[in-house]
Structure formats: structure tokens, C-alpha cells
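**Q** Handing you a structure now.
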Amino acid sequence: MFLSGPFEYWSMSADDKYPAESGRRRFVKGVVGGAALAGVGATGAVSINTLTTSSGAGGGPVEAMVIENTAGPAPRGMPQIPIEIDADGFIKGIWPEIQTETVEGVEVEVARQDMPGDVTYSQEWFQYCGLESNNALDPSYESDNYFVQDPGGGYEWQSDKSEGDRFNISEFDDYTEWQSAAGIGSAGIGKAANAIWRSGESSNPLPITILRSEAIEEAAQDNEWLSASTDQGVIAWLNKCTHFCCVPSFKTANDAPKYDAADQVYCACHQSVYNPFSITSALYIARPRPQ
Ligand code: FES
């Protein structure tokens, strides 16, 4: 199993971040398994990116918890969405509490709350790639916050779900054996679903990925943030590449193994790679929401 025996993985050194298809890169060999899941957990590493615009209402510098970007041109990881599971087993994203603030003399609403692990979770985590103008990021947009079936599709196992159907923890029961139909990477490292969040009839929905993994379950045991933001091994993130906004994939892209991303989240547009088992913090400039 993923956590019991030694499981080798490769990660690149920081100065060799752009992936190449050949074996010319320098690799750092690591061992994943039990406590050696070194990448899992809030490492506190902060990367600073200043690609986006100046601050404004609901925008500006923000520190978000992200699934780590490990290779490719993406400037940072993709933001995690803290989740909770209701009494019937349905999985939903936590939306931060709504507060009123005065910014440059104007009262604005922001969705922001303090969470365990010294994390300030806010809507600003998701304000990039044009999503800042999406109704879904309006602090008071009415939504029950459940993750629902993406009308654009998903993994093969989701094919019997209909648009708008929620996801139940019981659908992930086989997470310690699951393999994608594409057969990419290792079986049993976690079961994934593609979904949308807070998007209703929107033509520009928020794409997310849900992943249930033993690695996350284990890491949450001694990590305040992961314990608060995941449940029963379920983690979620906004699946929007921070490079040029494509929608990456986990264990489905045939190209992923060529870029050492078979068990990672891989963006086929320009080969950015994200590690969903490594949660770090990233400091960046959130784009302001339109007034
Ligand atoms: S790597 Fe360019 S959009 Fe994802």
C-alpha cells in the first residue's frame, strides 16, 4: 500500500523547475511512506509572486495554502479549499465568514476567517485567472457550498452521476485501491473526482478536484491546518492552473509520466506540475474584485 512500504518518488531541485522530457534533469530522490511523507503537511515555505495587479477592494497581498507547484512555469501552487463532510456524508467546501471592512473609505464585504494553524482563509485565495469577477466569489453569493458534478465531465466512475449531483464520502470507499481508467501512475494513492463549486448556472464555473487519500489522512493527524481543512483523508483544491489558467488533471493525462507527473497534478498546456500531497503556503497578489 501507499503508506506501508517504501514508495519512491522524484522531485526536482528548485533551480531546475522547468520540466524536460528527457532524463537530463537532476533529480532529488526521496521516499514516501509513513512519516517519510515529507512533502505532506504545511511546510511554511512561502513563495512570493507578484504577477497580478495592485490591491483594491477584496484584492491585494494574500497568503494562501496551496498544493505545491513543483515544476513548470506556474508561479505558485493552486489554492486549497477547506472542506467539511455533513452528517449524511456529503462533501462541501467551507466558505469563509462574511465581514465588512473599510477599504480606502469604502465599506466592502469580504469573506475571511481565521482557521487553525495560523491560517487566514479568505475568498482572495481564489482571485486570479479572471475568477475574481465571478459571482461565485461574491462574498454573499448564495450557495449551499456542496461540490457538485461538473457538467463538463469527470473521471469514468462519475459517469453515472448527473449534473448538479453532490459527492458523498461513500463514493470514495475504494480510495486505497482506486486507479484511473487511463491507468496513469500508481493505484491506491488516492481517489479523485472533478467537480464544480458555488457555480449554479454560471457559464464560468469554479473547477475543483476532490481527492481522498491515506496520505492526507495520515498527515492531518499531526497538522493543525490539515486537520481543520480536510476530513477522512479528503482534500480539495481549485483546479485552475496559476500559469495561464488551464484546468490540470490528476492521473488522466497520457503525457504526465513523461514529465514525472504520473502521480501528480499535471497541466498539459505547458507542463506545470503540482503535488497534491504537499501543502505549502504561497504569498501573492490577489486580483481585486470589480466594484
Ligand atoms: S502550465 Fe500553462 S496554463 Fe498550466
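The values are calculated or read from the model by the stated rules, or taken from the named source; none is laboratory data. The model shown is predicted, which means the values in this text are computed figures rather than measured ones. With ideal geometry, Cβ positions are generated from the backbone for all residues, glycine too; neighbour counts draw on all protein chains shown. To get the accessible areas, we keep the full protein, side chains included, count just its heavy atoms, and leave off ligands, DNA and RNA. Shrake-Rupley method; radii C 1.70, N 1.55, O 1.52, S 1.80 Å.
**Q** Those residues that are within 15 Å of the chain's Cα centre (by Cα) and under 15 Å from ILE91 (Cα atoms), I need them from the range 186-206; list them, please.
**A** LYS191, ALA192, ALA193, ASN194, ALA195, ILE196, TRP197
**Q** Here is a further query. Tell me, please, whether a residue that is more than 16 Å from the ligand (Cβ to nearest atom) and basic (Lys, Arg) can be found in the range 203-212.
**A** yes
**Q** Here is a further query. For THR242, all conditions in the list (1) among the polar types (S, T, N, Q); (2) within 16 Å of the ligand (Cβ to nearest atom); (3) farther than 27 Å from ASN135 by Cα hold save one; what is the number of the exception?
**A** (3)
**Q** What tally of residues in the range 62-117 results from selecting those that are open to solvent by less than 30 Å² (accessible area, probe 1.4 Å), outside any loop (DSSP other than H, G, I, E, B) and within 16 Å of the ligand (Cβ to nearest atom)?
**A** Within the range 62-117, residues that are open to solvent by less than 30 Å² (accessible area, probe 1.4 Å), outside any loop (DSSP other than H, G, I, E, B) and within 16 Å of the ligand (Cβ to nearest atom) number 6.
**Q** Among the residues of the range 141-172, which ones are under 19 Å from PRO276 (Cα atoms) and not in a helix (DSSP H, G or I)?
**A** Across the range 141-172, the qualifying residues are PHE147, GLY154, TYR155.
**Q** If you don't mind, another one. Criterion first (at pLDDT below 95 and part of a loop (DSSP other than H, G, I, E, B)) does GLU201 satisfy it?
**A** yes
**Q** Among the numbered conditions (1) in contact with a strand residue (DSSP E or B) (Cβ under 6 Å, 6 or more places away or on another chain); (2) open to solvent by 40 Å² or more (accessible area, probe 1.4 Å), tell me where SER162 comes up short.
**A** (1)
**Q** Right, something else. Which of the residues spanning the range 198-207 are of a type outside the set (Asp, Glu) and surrounded by fewer than 24 Cβ atoms within 10 Å (Cβ to Cβ)?
**A** Matches in the range 198-207: SER199, GLY200, SER202, SER203, ASN204, PRO205, LEU206, PRO207.
**Q** I want to confirm something. Restricting to the range 118-143 and keeping residues that are surrounded by fewer than 16 Cβ atoms within 10 Å (Cβ to Cβ) and modelled with pLDDT of 95 or more, which single residue is farthest from the chain's Cα centre (by Cα)?
**A** Out of the qualifying residues, it is ASP118.
**Q** Can you tell me which residues in the range 247-291 are part of a loop (DSSP other than H, G, I, E, B), out of contact with any helix residue (DSSP H, G or I) (no Cβ under 9 Å at 6 or more places or on another chain), open to solvent by less than 40 Å² (accessible area, probe 1.4 Å) and away from the ligand (no atom under 16 Å from the Cβ)?
**A** LYS251
**Q** Sort out which residues of the range 85-138 are among the hydroxyl-bearing types (Ser, Thr, Tyr) and closer than 18 Å to LEU206 by Cβ, and write them in order of number.
**A** Matches in the range 85-138: TYR121, SER122, TYR128, SER133.
**Q** Quick one: which residue in ALA215, ALA195, ALA228 is among the aliphatic types (A, V, I, L, M), open to solvent by 10 Å² or more (accessible area, probe 1.4 Å) and either within 16 Å of the ligand (Cβ to nearest atom) or touching a residue at least 12 places away in the same chain (Cβ under 8 Å) (or both)?
**A** After ruling out the rest, the residue left standing is ALA228.
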